[in-house]
Structure formats: structure tokens, C-alpha cells
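The values are calculated or read from the model by the stated rules, or taken from the named source; none is laboratory data. Since we're looking at a predicted model, the values are computed, not measured. We place every Cβ from the backbone using ideal geometry, glycine too, and count neighbours over all the protein chains shown. Heads up: the accessible areas ignore ligands, DNA and RNA and are worked out on the full protein's heavy atoms, side chains in. Shrake-Rupley method; radii C 1.70, N 1.55, O 1.52, S 1.80 Å.
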Amino acid sequence: MTDISTEELVARYKKLYTGIVSDAMDQLGLRKHLLPAYLRPLTPDMVIAGPAFTGLGEPVTDEACNDNDIRFAMLESIQPCDIPVWQTNMTDTCAHWGGLMTRSTRQAGGCGAIIDGGVRDVNDILQQGFPVFARFYSCGSSLGRWRICSFQQPIQIGEITIHPGDFMMADIDGVLAVPREHILEVLERAEDMAAREDSMGKDMEAGLGIRAAYDKYGTI
């Protein structure tokens, strides 16, 4: 990925916000990076940054279907700082993430979850202080309704293909994916833009008008 540790990358990205990272990616010509707008945090203050740990599943009709073996293997493979990112094939009949999966991911050092599907045990997740972004809430169990097919393979959410190790970032403004080969380049561009934006904001607080500010700093 880079010579910088994952922990440092996470810490530096979390000092930023998705808007400035998205703008940096636009400037670098990486315009296809935004996940669907329906992915929302459980609470507005939740922030996620870390490498994607991908999962893929599909709906089932066999009530006896039980995917616990692959589910346990998946959860046991999560590494520190990982972000489980699940493609559910738009299954709307159940929850795909809950309190026990949250607890297992926290034990492994995971930093959050992005679920293109449903979440339940929300109060439990909130008590654990674990950031989760999801499409909807559902009290229904996935057993006999949906199953995990594979993990750590490329997945697609909306129009975005996500590979294991791509860098995910999410906050109240949205969710984005940074291709793993551009993680440091995007970070450094975003940090530079954020520093200029901060100086621009201070000058405007001191009375500088918007036109003069853009003349001085250019487009952030």
C-alpha cells in the first residue's frame, strides 16, 4: 500500500473530512469514488477511515440455509484498522450486520463497517461506540434469507468497484473509496488543500471577502 503504517494513514485521514478528500480525488482525475448517497451513519458524528475488508452475499429462499461457517471465517480474518464493506446484492428482507458481528470486529481491531444493506441491534452497536454506515434498519435475521458467499474479493456498490485494501472514508457527508495505489497521493493532496482552506477561512473571519479570498488562495 505505502511505506507509512496503516495506523498513521488512518489517523491522518481522520483529521480530514470526506468533502476535502473527494475534492482532492477530483483534482487528481479520480472522479469515480463516491458510494451511493443512501449509505448513512447511525449517528451524525460517526467517522470511518481504514482499508476495506470486502464481503459479498446473496438472497436465499431455503429457510434451513445457515452461513455461520463462512461468517465466522470472515470475522476471524479481520485485521486491525480494517473496515468490513459488504455488498448484499440489494437484499431488503433482513439485517446483514448486528451487535455480535460488531463485537467480534471490535475484538479484532476493526475500525467500523459499511453495509450496503440492513443493520439491527442498533442500541447495542451504539453502546459499543462502533461506527456503522448502512442502507436501512431491519429486525429480521439473515439466516434463511441471505447468505455470505465470499470475502476479500472485489465487490461493487453502486457504480464503484471496491478491492480489498482500498481505503474507505465516511462521515455525515457521505462515503468514498480511495484506490489502494493512490492512498498516499490523495492524502497529501487533501492535507495541502485543507491547510489552504483553513488559512482562507481565517482570513475571511478577519474580514476578507469571498472574491478576494479566491484570488489569494485559488479554488480549494
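Selection of the range 150-167 for residues being in a strand (DSSP E or B), closer than 19 Å to H182 by Cβ and open to solvent by 10 Å² or more (accessible area, probe 1.4 Å) yields Q156, I160, T161. Taken over the range 5-16, the criterion of being open to solvent by less than 40 Å² (accessible area, probe 1.4 Å) and of a type in the set (A, V, I, L, M) is satisfied by L9, V10, L16. Taking residues in the range 194-217 that are β-branched (V, I, T), and partners anywhere that are open to solvent by less than 80 Å² (accessible area, probe 1.4 Å), the pairs with Cβ atoms closer than 8 Å and at least 6 places apart or on different chains are I210/M204. The listed residues are F72, F53, and the only one of them that is of a type in the set (A, V, I, L, M, F, W, C), under 24 Å from L100 (Cβ atoms), out of contact with any Lys or Arg (no Cβ under 9 Å at 6 or more places or on another chain) and exposed (fewer than 14 other Cβ atoms within 10 Å of the Cβ) turns out to be F72. Number of residues in the range 131-141 that are out of contact with any strand residue (DSSP E or B) (no Cβ under 8 Å at 6 or more places or on another chain) and open to solvent by less than 20 Å² (accessible area, probe 1.4 Å) equals 0.
Scanning for something within 20 Å of the chain's Cα centre (by Cα) and open to solvent by 20 Å² or more (accessible area, probe 1.4 Å), does the range 192-215 turn up at least one residue? No; the residues of the range 192-215 include none that is within 20 Å of the chain's Cα centre (by Cα) and open to solvent by 20 Å² or more (accessible area, probe 1.4 Å).
Within the range 75-93, the residues that satisfy the criterion of being open to solvent by less than 50 Å² (accessible area, probe 1.4 Å), of a type in the set (A, V, I, L, M, F, W, C) and not in a strand (DSSP E or B) are L75, I78, C81. Step by step: first the residues of the range 38-50, then only those that are in a loop (DSSP other than H, G, I, E, B) and in contact with a Pro (Cβ under 8 Å, 6 or more places away or on another chain), then the one that is most open to solvent (accessible area, probe 1.4 Å). Which residue is that? That would be V47.
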